[in-house]
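The values are calculated or read from the model by the stated rules, or taken from the named source; none is laboratory data. Keep in mind that what you see is a predicted model, and the values were worked out from it rather than measured. Here the Cβ is made from the backbone with ideal geometry for all residues, glycine too, and neighbour counts use every protein chain on show. These accessible areas exclude ligands, DNA and RNA; they are computed on the full protein's heavy atoms, side chains included. Shrake-Rupley method; radii C 1.70, N 1.55, O 1.52, S 1.80 Å.
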Amino acid sequence: MTASRITAVSPVGSYFLVLLLLVAAGLVGTVNGNQQITGNGSPKSTTSGGGTLTIIPEEEMAHFVNQSRMASCWHSNPELKLKWRNPKNAVIEETRGRVHIENKGSSLTLIFEKIERTDQGNWTCEVDDPSAPASAEALRKSFKMIVYEPISFRDTSNVQTAVEDKDATIRCEVKGHPEPSVSWYFNGQPLHFGHNGRFSKLADGMSIKKVRQNDTGEYTCKAFQISATGSSFEEKTIRLNIKHKPYLPKWKPSIVDAYGYVSGMVNLTCEATAEPPANFSWSANNKKLTQKSHIIYQGQHVSMLQIFIKTSSTFGKYKCEAKNELGTVSQEIILKEGSKPDPPSLFQLRGVNSDTLDIDVGATKSHDTPPDPTTVIGYRFELMPTEEYSRTRSWDHASRRDFDVADGATYLLVQLIPDTKYLIRVAARNAAGLSDWTEVKEFSTLPLQPHGISGSSAGPALLWTLSVALPLALSITQQHHRFAVAATTE
């Protein structure tokens, strides 16, 4: 009987035995460090049995658009290659650009030069090893990018227009993430949006049904935004102008009377509000009046025709027309012959202090209804310092003050220079125009009083001294004298 022997083979011997069998089979050529060369000659990366993958930030990173940030990733085994994937699972290979990678030696850095809303999501760093299982926790880590967008107003003009009697939209497109909530204010007061109201809230603004003129004003679009990191508030004020045809003032009829007198001058005034402002034109007897032959002053929403009445043929019908792209309105002014008023018969000083002259011209108000066109309805004062007139000998630069008539009223010429002589003249005014000037008179303001003393307070103070303080002082003196006499007698 032949006895059999079993020889124990060590683990190392077994490894080389298997390796020799593989070489004999042609499956493995050589072994070099951690790389194995396969039969087709291509390299294959392998990983060590352990190690730690680290990323910063570890969980979430919240930022606003247009900010710059970076994230880093490294492995405890520096020989392993790493790569970054975006939220769409695409590998980031670019080394330049808005989002790119930079190899810092032991780490792979992800650079965001300018964050965008589309960057929101999970960004993943992983070991670049095709043989590693996809679910290997140690080989893959992610952080969540949260992107906030601050409130902004896009395509929102500060001045917007609407057309009267038509529906309009006030545009205020608010952008942001999280999505802002929007409220509206009109001239500082909150707007309420109802199902049956004229105002409706839109995604990019608000709408108004059948726009009216009183819808003109300031609309404020207020946006509120609340996020996990805090809250913010922004507002945009929009001026809404309502385009409308010209309108005459409500108090003014379409046909009015005006008065003048031969050798006098009259101003015919025409007013009409419009948006855009109206262009005014004047005509008389169906003949257009131009600035070449007439004096015409143009202003916003007003025009004035100045006429010097040479003969009675100047009286008659004048027409003013106001026109813009949305319509036309006209007014007729019948220029009638009136009478020139007489100058005031009374012209005297009633009171004075350092900066005011109180003038009496004997004003008497008529209570006739309708008023007679010859009735005096006001007064015009012209005044200038005597010294200034002495230099110029002209009233061209005189200060002019106009007053309406009132029963028994005197007229205060205020804001004058203290201790100054003034030359003053007055003319009466009726519907036809001004009278001749009165004679020129000279009045003087008082010197400026020291602080706490004025002409108006000196009288009452003196009266109190004479009526109260002086008798009281005399009484005390007499009582003191009697006490002194009695003490001497005792």
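Answer yes if at least one residue in the stretch 268-290 is surrounded by 18 or more Cβ atoms within 10 Å (Cβ to Cβ), farther than 20 Å from Pro373 by Cβ, modelled with pLDDT under 95 and of a type in the set (D, E, K, R), and no otherwise. There is at least one residue in the stretch 268-290 that is surrounded by 18 or more Cβ atoms within 10 Å (Cβ to Cβ), farther than 20 Å from Pro373 by Cβ, modelled with pLDDT under 95 and of a type in the set (D, E, K, R).
Among the residues of the stretch 164-176, write down those that are farther than 12 Å from Ala223 by Cα and either surrounded by 15 or more Cβ atoms within 10 Å (Cβ to Cβ) or of a type in the set (S, T, N, Q) (or both). Correct list: Glu164, Ala168, Thr169, Ile170, Arg171.
Just give me the residues in the stretch 411-444 being of a type in the set (Ser, Thr, Tyr), closer than 22 Å to Gly362 by Cα and surrounded by 17 or more Cβ atoms within 10 Å (Cβ to Cβ), in sequence order. So that I can check it myself, show each step before the final result.
To start, the set of residues in the stretch 411-444 that are of a type in the set (Ser, Thr, Tyr) comprises 411, 420, 422, 435, 438, 444.
Still in the running and closer than 22 Å to Gly362 by Cα: 411, 422, 435, 438, 444.
Those that are of a type in the set (Ser, Thr, Tyr), closer than 22 Å to Gly362 by Cα and surrounded by 17 or more Cβ atoms within 10 Å (Cβ to Cβ): Tyr411, Tyr422, Ser435, Thr438.
Could you tell me whether Pro57 is within 30 Å of Ile151 (Cβ to Cβ), at pLDDT below 90 and not aliphatic (A, V, I, L, M)? Yes; evaluated as a whole, the condition is true for this residue. If only residues of the stretch 93-117 that are touching a residue at least 12 places away in the same chain (Cβ under 8 Å) and open to solvent by 70 Å² or more (accessible area, probe 1.4 Å) are counted, the one that is nearest to Leu53 (Cα to Cα) is Ser106.
Residues in the stretch 228-260 that are surrounded by 16 or more Cβ atoms within 10 Å (Cβ to Cβ), more than 23 Å from Gln300 (Cα to Cα) and either of a type in the set (Gly, Ala, Ser) or more than 29 Å from the chain's Cα centre (by Cα) (or both): Tyr259, Gly260.
Residues that are farther than 30 Å from Gly327 by Cα, out of contact with any helix residue (DSSP H, G or I) (no Cβ under 7 Å at 6 or more places or on another chain) and of a type in the set (Val, Ile, Thr): does the stretch 153-168 have at least one? It would help to see each step written out before you state the result.
Filtering the stretch 153-168 down to residues farther than 30 Å from Gly327 by Cα leaves 153-155.
Filter once more, keeping what is out of contact with any helix residue (DSSP H, G or I) (no Cβ under 7 Å at 6 or more places or on another chain): 153-155.
Retained after the next criterion (residues that are of a type in the set (Val, Ile, Thr)): none.
No, the stretch 153-168 contains no residue that is farther than 30 Å from Gly327 by Cα, out of contact with any helix residue (DSSP H, G or I) (no Cβ under 7 Å at 6 or more places or on another chain) and of a type in the set (Val, Ile, Thr).
Take Asp407 and tell me if it is open to solvent by 60 Å² or more (accessible area, probe 1.4 Å), part of a loop (DSSP other than H, G, I, E, B), in contact with a Lys or Arg (Cβ under 7 Å, 6 or more places away or on another chain) and farther than 17 Å from Lys441 by Cα. Against the criterion (open to solvent by 60 Å² or more (accessible area, probe 1.4 Å), part of a loop (DSSP other than H, G, I, E, B), in contact with a Lys or Arg (Cβ under 7 Å, 6 or more places away or on another chain) and farther than 17 Å from Lys441 by Cα), Asp407 qualifies.
Among all positions in the stretch 380-402, there is no residue which is open to solvent by 20 Å² or more (accessible area, probe 1.4 Å) and farther than 18 Å from Val440 by Cα.
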